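What follows is one structure encoded as structure tokens, with my remarks underneath.
The values are calculated or read from the model by the stated rules, or taken from the named source; none is laboratory data. It should be emphasised that the depicted structure is a prediction, and the values quoted were computed from it without experimental measurement. All Cβ positions, even for glycine, are placed from backbone atoms using ideal geometry, and neighbour counts span all protein chains on display. In case anyone asks, the SASA skips ligands and DNA or RNA and just uses the protein heavy atoms, side chains included. Shrake-Rupley method; radii C 1.70, N 1.55, O 1.52, S 1.80 Å.
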Amino acid sequence: MKKLTLTVLAVGFAAALQPFAHAQFGSGIVFDPTQSAHAITQIEHEEQSISNQVQQIENGQQIFSNTVKIATTALQTYNQLKQQYNLYHQMILAPRMLYARFLSPTSDLLMLQQISNTYGNSMGWLNSANTGKGAPTSYQQVSVPNTNNIIPGYGTASVAGQLQIAAQGATVDIRDSVMTNNLQALGTIRANQSARQTDIANLEAATQTQDPSQQTIMAELQRINQALLLQLRTLQDANQINANLALQQIIAQKQEQDAMKSTFRDSSGYESYYNANITTTGSGSGNLLTQAY
């Protein structure tokens, strides 16, 4: 619109100057169409330049508005990050401030100490109880040696007698095996106690640390997994001890059951034994007394 207006004004200006063309020799004023066209072109260029500058000003205003929005968003983000940092810093300090007062001293499984070794055969047993190594040999050193041969008279004993002797011998053998296994298991648990306490102490220190690298979700999950593994291993040790106690109870019950069975077996044969031995002896004694009187 502006361009069209300027063009019309230029044409009108040229038309107004037409009368002077006839008097160019008298008045000295001459109309030059070339110069007029050049002037119109310059006016159009100036108009385009002004339009470009107006467009640049509008773009600058838009850029300024966008910059203000970006600055406002950045300030809001900064305030949120500041709040998160303060919360994060408080969480780092929280473990020691909140949980330190609930910590209790540890009670380690103490190693057995050698008090005396009067007959020179108890040192190996104590070493096995502390380490779990050499349990069969050390147990035999502190126990009455077991005979490897069948006792004399076993072959000539009755069937019931042989069964009772064999049952008692089996009880002795089984009890030796269970006692050796108990000694080895407890010694192994005691030997691993030091490393177990070290793992627990490291886990406790990592839980209460203020190191930012230990306050991540991944580090927290790793500590939870480690605690679960320690709990599982402790349960395995407890199960081992409970299993050994169960074996001891089974042996004790077996011994009681063998004694009761032997009693019933003896009772069932008492009548035949009485008739075969006591009655005959009593009758002979009675006859002798009758003859004497």
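Taking the Cα centre as origin and putting +1 on Lys and Arg beta-carbons and -1 on Asp and Glu beta-carbons, what dipole magnitude results for segment 191-250, to the nearest 20 debye?
160
State, to one decimal in nm, how far the label point of residue 221 lies from the label point of residue 254, with both points 7 Å from Cα in the Cβ direction.
Spacing of the two 7 Å Cα→Cβ label points: 4.9 nm.
Pull up all non-local amide H partners of residue 132: gap of 5 or more, or a different chain, and H-to-H distance under 5 Å with H placed in the peptide plane.
187, 188
Round to a whole angstrom and tell me the spacing of the C-alpha centers of segment 64-87 and segment 228-267.
With segment 64-87 and segment 228-267 each reduced to a Cα centre, they are spaced 70 Å.
When all protein chains stay in place, what accessible area (Å², nearest 10, 1.4 Å probe) is found for residue 34?
For residue 34, solvent-accessible area is about 100 Å².
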